Amino acid sequence: MHLLKKFPALLAVSLLGISMANVEVHAQGAVRSTHGAWSMVCDTPPGASSEQCALMQNVVAQDRAEVGLSVVVLRTADGESEIMRVLAPLGVLLPNGLGLNVDGKDIGRAYFVRCFQDGCYAEVILKGELLETLQKGETATFIVFQTPEEGIGIPVDLDGFSDGYSKIP
């Protein structure tokens, strides 16, 4: 089942002015706290009036060192919801979307919403069953496709996700 069907609130939301490139560049000097495998990264983007923070984790496929993901969770500018944005490398097959499996259970797929020079982004609103699954899970496996038949599973450690999520300003 597609995340779009299961979670109708799937939509593209800007990263509050923080591009993934900016988050990654500033992450080294702006890690405010660590929550298990996750880091709280804060920055004041150009033109923003206040600091913005995101919970993030960068991972690489165990069997394909050249295939990595950045997973970022943040609160929208209006403060009404939280989104998960996943940056996949260029070269992924876009129509197949980004698969998600948590602790052996297929959760569905999110569609890629845009690509930039640093990769392609899939985004989903975090709420309800999806949020609860991530908070209680141990390992999320994101699946990117290079061909319609070849999916590459990239494990993301969920240790500290619930604690870090609760501390997103």
| message | I need a count of the residues in the range 28-69 that are touching a Gly at 6+ places or on another chain (Cβ under 8 Å), part of a strand (DSSP E or B) and either more than 14 Å from S166 (Cα to Cα) or of a type in the set (V, I, T) (or both). | response | 6
| note | Among E123, E66, E132, the single one that is in contact with a Leu (Cβ under 8 Å, 6 or more places away or on another chain) and of a type in the set (D, E) is E123
| task | Kindly indicate whether any position in the range 107-115 is among the charged types (D, E, K, R), part of a strand (DSSP E or B) and over 19 Å from Y165 (Cα atoms). | result | yes
| task | Go through the range 118-146 and give me each residue that's under 21 Å from E66 (Cα atoms) and free of Cβ contacts under 8 Å to residues at least 40 places away in the same chain. | result | C120, A122, T139
| query | Quick one: what pairs do we get from the range 93-105, first residue touching a residue at least 12 places away in the same chain (Cβ under 8 Å), second among the basic types (K, R) and in a strand (DSSP E or B), C-beta under 6 Å, 6+ apart or different chains? | reply | G97/R109; G99/R109
| request: Working carefully through the options A27, A65, A9, find the one that is exposed (fewer than 13 other Cβ atoms within 10 Å of the Cβ) and either modelled with pLDDT under 80 or among the aromatic types (F, W, Y) (or both). | output: A65
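The values are calculated or read from the model by the stated rules, or taken from the named source; none is laboratory data. Everything numeric in this text was worked out from a predicted model, so none of it was measured. All Cβ positions, even for glycine, are placed from backbone atoms using ideal geometry, and neighbour counts span all protein chains on display.
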